[in-house]
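The values are calculated or read from the model by the stated rules, or taken from the named source; none is laboratory data. Keep in mind that what you see is a predicted model, and the values were worked out from it rather than measured. When we count neighbours, we look across all protein chains shown, and the Cβ atoms used for this are built from the backbone with ideal geometry, even at glycine. Note: accessible area is taken over every heavy atom of the protein model, side chains too, but ligands, DNA and RNA are not part of it. Shrake-Rupley method; radii C 1.70, N 1.55, O 1.52, S 1.80 Å.
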Amino acid sequence: QVRLAESGGGSVQTGDSLRLSCTASDNNFSSYVMGWFRQAPGKEREFVGAISWGGTRTDYADSVKGRFTISRDNARMKMYLQMNGLKPEDTGVYYCAQGPRLWTGSDRDPGDFSPWGQGTQVTVSS
């Protein structure tokens, strides 16, 4: 089973940018939908975005649409989350996760994604 590891989190100010990376241990990574999720203190884990296995289709939560961009480089077994115009409400632990092989464009349920990385903390101060 693939192992995932996130990196790139940190503490920034409102309006700053960060790029998160998710590195996979297995080249079969390229056969799956991949997703980004986040969890703020005291909140449920929420969907951020997903990308199809070929990287040509994406799906974003309304809260990040226009600010965040998901991309993937299957040859390097990596997925990225470029976060621009960060806001305090973006604060949380960000996770990458493996989804299904089939792209529907509407699967935002964390229960449909497995395995998960350990997460990377993003803190945005005002």
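Observations, loosely collected:
- Wholly within segment 74-126, strands (runs of 3 or more DSSP E) carrying at least 3 residues that are open to solvent by less than 80 Å² (accessible area, probe 1.4 Å) and closer than 19 Å to Asp62 by Cα: 78-83, 92-98
- If you filter segment 54-73 down to residues that are of a type in the set (A, V, I, L, M, F, W, C) and part of a strand (DSSP E or B), you find that the one that is farthest from Trp116 (Cα to Cα) is Phe68.
- Here is the figure for segment 6-26: residues that are among the β-branched types (Val, Ile, Thr) and either open to solvent by less than 30 Å² (accessible area, probe 1.4 Å) or part of a strand (DSSP E or B) (or both) total 2.
- Every residue from segment 47-64 that is out of contact with any helix residue (DSSP H, G or I) (no Cβ under 8 Å at 6 or more places or on another chain) and touching a residue at least 24 places away in the same chain (Cβ under 8 Å): Val48, Gly49, Ala50, Ile51, Ser52, Arg57, Asp59, Ala61
- Any chance Gly85 is at pLDDT 95 or above and of a type in the set (Gly, Ala, Ser): yes
- Enumeration of residues in segment 54-67 that are open to solvent by less than 20 Å² (accessible area, probe 1.4 Å) and small (Gly, Ala, Ser): Ala61
- Answer residue from segment 27-53, given it is closer than 14 Å to Ser114 by Cα and out of contact with any Pro (no Cβ under 8 Å at 6 or more places or on another chain) and is most open to solvent (accessible area, probe 1.4 Å) among those: Asn28
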